[in-house]
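> Supplied in structure tokens, the structure appears directly below.
The values are calculated or read from the model by the stated rules, or taken from the named source; none is laboratory data. Everything numeric in this text was worked out from a predicted model, so none of it was measured. No Cβ is skipped: glycine too gets one built from the backbone with ideal geometry, and neighbour counts run over all protein chains shown. Heavy atoms of the whole protein, side chains included, go into the accessibility calculation; ligands, DNA and RNA do not. Shrake-Rupley method; radii C 1.70, N 1.55, O 1.52, S 1.80 Å.
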Amino acid sequence: MRRRAFVLLALLLLLPAAARAAGFTVQCPGSVERGSAFFVRVESDAELRNLTVRWLDKEFSPQAYRTARGHAAGMLLGVGLDAPAGHGVLHVFADTAAGRTAQHHKVAVKERAFAEQRLEVDQEYVEPPAKALERHRREKEEVAKVLAEAEPGLFLECPLVRPVPGAVGSEFGLRRFFNGQPRAPHSGVDLRGGEGEPVLAMAAGRVALAADHYFSGRSVYLDHGQGVVSMYFHLSEILVKPGQFVAKGQEVGKVGSTGRVTGPHLHFGLSVLGQRVDPLPLVDRDCVF
Ligand SMILES: [Zn+2]
């Protein structure tokens, strides 16, 4: 009788430990401001096999690594300017001792009031001729392809480098009017810089695209892996070629005034799994990967 009670007690004590070993924990914020990136961390005592994350209809497989206490994976996600209102659900799947296990976390999208900005540019950038519109359509498709690709062998390393030292000229998310006409909100941040000033890669990555586009002018897109792509627009000169790997802080081009601009500056953009977010809060800051 006493022995049976002891076995039962031992089983009860062991159960929570077993449940812990079979599962994993997910750290993510309960709410995120529109236009912001956020960190997610998955931890487990056991190996995280076939880890998959789904966020705002995009799915990817972060690389898990060994830690002092077990196994973990970290990733950057984002809530773009046109993400659906309300909340998103972060789905995390992994194979554990208990089989395929899933966790679902609600992340509320906090609305944010963005200021208005009125700019005067050449009329051809407000009402482009038919030929330019056709060109822009092709370039948009090219960019969409780049933003959808995620280099699996790369891993974003923090802190990120500020591409130019200049102050912010135009903030991220501004509601824009060009020559009085409403256009898409500002999907990056404009940093002040003189014509010809070096533009540095915010992190190591692969050049996904280096092209001269109608609106963004001479542009470089760097793929940093795990769905993270940084963008550098309006360059006077491009110093890298598609497919080339660049180091963190490497010069990729020079500040210029190509495309739809009012003067020389760097437009610095960041896309995380297709969500355009403000890159500046991540610069010179440690990540929690
Ligand atoms: Zn800009």
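> Can you list the lysines whose alpha carbon is less than 24 Å from that of Lys248, not counting same-chain residues fewer than 8 positions off?
The reachable lysines, counting only those whose Cα sits under 24 Å from Lys248, are Lys145.
> Could you work out the mean projected area of the convex hull around the alpha carbons of region 25-97, in square nanometres to one decimal?
The Cα convex hull of region 25-97, projected and averaged over all directions, gives 5.0 nm².
> Considering only protein heavy atoms, what per residue accessible area in square angstrom results for region 56-139 with a 1.4 angstrom probe?
60 Å²
> Using every pair of alpha-carbon atoms in region 105-212, split the distances into 10 Å bins beginning at 0 and state the percent of pairs per bin, rounded to integers.
Spelled out per bin, shortest first, that is 11, 27, 41, 19, 2.
> Just the isolated ones, please: cysteines in the chain lacking another cysteine beta carbon under 4.7 angstrom.
If one checks each Cβ against the other cysteines of the chain, Cys28 turn up with nothing under 4.7 Å.
> Something else now. Loop only by DSSP, 16 or fewer other Cβ within 10 Å of the Cβ. Give me the trypsin sites (Lys or Arg not before Pro) in region 46-106 that pass, ordered by residue number.
Passing both the DSSP loop test and the Cβ count: Arg69.
> Rounded to two decimal places and with Rh computed the Kirkwood way over Cα pairs, what is Rg over Rh for region 173-235?
Here Rg/Rh amounts to 1.00.
> For region 116-282, just run the numbers: alpha carbon Rg, then divide by 2.2 N^0.38 Å, N being how many residues it has.
0.97
> Take the alpha-carbon positions of the chain, form their convex hull, and give its projected area averaged over all directions (one quarter of the hull surface) in nm².
17.5 nm²
> Select from region 115-205 those GluC sites (Glu not before Pro) which occupy a DSSP coil region and have at most 16 other Cβ atoms within 10 Å, ordered by residue number.
Sparse-neighbourhood loop GluC sites (Glu not before Pro): Glu120, Glu149, Glu157, Glu171, Glu195.
> Follow-up. Starting from the amide H of Gly80, placed 1.01 Å from N in the peptide plane, find each other amide H under 5 Å away whose residue is 5 or more places distant or on another chain.
Under 5 Å from the amide H of Gly80 lie the amide H atoms of Gly35, Arg276, each far enough along the sequence or on another chain.
> Same structure, new question: May I ask for log10 I(q)/I(0) of region 30-187 at q = 0.08, 0.14 Å⁻¹, from a Debye sum over the Cα atoms as equal point scatterers with solvent left out?
So the normalised log intensities are -0.36, -0.95.
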